[in-house]
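Here's the structure we're looking at; comments come further down.
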Amino acid sequence: MPNDPIDPVCGMHVEEEKAAARVEYKGTTYHFCSAGCKERFEENPEKFLVRLEEDIGHR
Ligand SMILES: [Zn+2]
């Protein structure tokens, strides 16, 4: 399902309604498979966003 949001921490596709956690950062909402992933994102959002952009660029 290509339109599902991606958990930027672990790279999993997360269904929007089933996301365990959400964070709004710089105007974009990110979805997470678990509270643990959300906590890791909040510790260092930029690190995970860079990785996310690299992943998308490879497609
Ligand atoms: Zn995750």
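Assorted remarks:
- For the listed peptides 20-27, 9-16, 46-53, a ranking on the average number of other beta carbons within 10 Å per residue, highest first, reads 9-16, 46-53, 20-27.
- Inter-probe distance in nm under a simple model that places probes 7 Å from Cα toward Cβ, at LEU49 and TYR25: 0.7 nm
- Scalar couplings 3J(HN,Hα) for the stretch 39-50, obtained by applying the Karplus form with A = 6.51, B = -1.76, C = 1.60 to θ = phi - 60°, are 5, 5, 4, 5, 5, 7, x, 4, 4, 6, 5, 4 Hz; x denotes Gly and Pro.
- With 0.36 nm allotted per residue and the present C-alpha distance subtracted, the GLU42-GLU16 stretch has 7.5 nm of extension available.
- Under 5 Å from the amide H of TYR25 lie the amide H atoms of TYR30, each residue being 5 or more positions distant or on a separate chain, with H modelled from the backbone and absent for Pro and chain starts.
- 222 nm mean residue ellipticity, helices alone, for the chain (DSSP H n ≥ 4; -39,500 (n - 2.57); rounded to 500): -11500 deg cm²/dmol
- In order along the stretch 8-23, phi translates into HN-Hα couplings of x, 7, 10, x, 6, 6, 10, 6, 3, 6, 9, 4, 6, 7, 9, 9 Hz, rounded to whole numbers, per the Karplus curve 6.51 cos²θ - 1.76 cosθ + 1.60 with θ = phi - 60° and x for Gly and Pro.
Bear in mind these aren't lab numbers, they're just calculated from the coordinates by the rules spelled out. Keep in mind that this is a model prediction, so the values were computed, not measured. Note: ideal-geometry Cβ built from the backbone for every residue, glycine included; neighbour counts use all protein chains shown.
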